[in-house]
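Novice: My questions all concern the structure below.
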Amino acid sequence: MEPECQYDLDITDPAWSEDAGGVVKSVLEAAPKEIRVQAAEAPAQSALSAQLLLFLRRHVESGGGTFSVADASPAFSEGLSLLGLHDLILGTAEVQQ
């Protein structure tokens, strides 16, 4: 399968909360060069979901790709901060602009 250029991941989709591991498997099978996470209405994430997002970020970036989070909701951002993963997943303010 030829890699797609971009993968849009909507973490407000029920599939993410019900089977985040299955979603990650689908993303890996697609082998995108860019992952864009849609998080405008996203609630705080569980520790597992946050770790899976971090895994996806590191995976795509290790292959020379890019990872970004669009319009992270306050609950999403605060939840990542409480888990100590805010900067690792969202990057710094300068990176996300």
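Novice: Sequence-distant or interchain residues sharing an amide H contact under 5 Å with Leu9, placed H: which?
Specialist: Hits under the 5 Å cutoff: Arg36, Val37, Gln38.
Novice: Same structure again: State the label only: which of (i) 3, 14, 27, 28, 19, 8, 2, 0; (ii) 2, 10, 6, 7, 6, 5, 6, 5, 6, 5, 5, 4, 4, 4, 4, 3, 3, 3, 3, 2, 2, 2, 1, 1, 1, 0, 0, 0; (iii) 2, 12, 15, 13, 12, 10, 9, 7, 6, 5, 4, 3, 1, 0 corresponds to P(r) over Cα pairs in 5 Å bins from 0, in percent computed from the shown model?
Specialist: (i)
Novice: Quick check: from the Cα gyration tensor, does the stretch 39-82 come out rounded (a/c under 1.5), prolate or oblate?
Specialist: oblate
Novice: Arrange the peptides 64-73, 31-40 so that the one whose residues have, on average, the most other Cβ atoms within 10 Å appears first.
Specialist: Going by the mean number of other Cβ atoms within 10 Å, highest first, we get 31-40, 64-73.
Novice: Multiply the residue separation of Leu88 and Ala15 by 0.36 nm, subtract the distance between their alpha-carbon atoms, and state the gained length in nm to one decimal.
Specialist: Working: separation 73, 0.36 × 73 = 26.28 nm, distance 2.35 nm.
Full extension from Leu88 to Ala15 adds 23.9 nm.
Novice: Tally Lys and Arg at +1 and Asp and Glu at -1 over the other residues with C-beta under 14 Å from the C-beta of Lys25: what net charge comes out?
Specialist: Numbers: positive: none; negative: Glu18, Asp19, Glu29.
Here the charged neighbours net out to -3.
Novice: Contour minus end-to-end for Ser62 and Lys33, with contour as 0.36 nm per residue of separation and end-to-end as the Cα-Cα distance?
Specialist: 9.4 nm
Novice: Can you give me the span-like helices of the chain, meaning DSSP H runs with 24 Å or more of Cα extent along the axis and Kyte-Doolittle mean at or above -0.5?
Specialist: Long hydrophobic helices here: none detected.
Each value in this text was obtained by applying a stated rule to the coordinates, not by laboratory testing. The model shown is predicted, which means the values in this text are computed figures rather than measured ones. Counting neighbours? That spans all protein chains shown, and the Cβs are built from the backbone with ideal geometry, glycine included.
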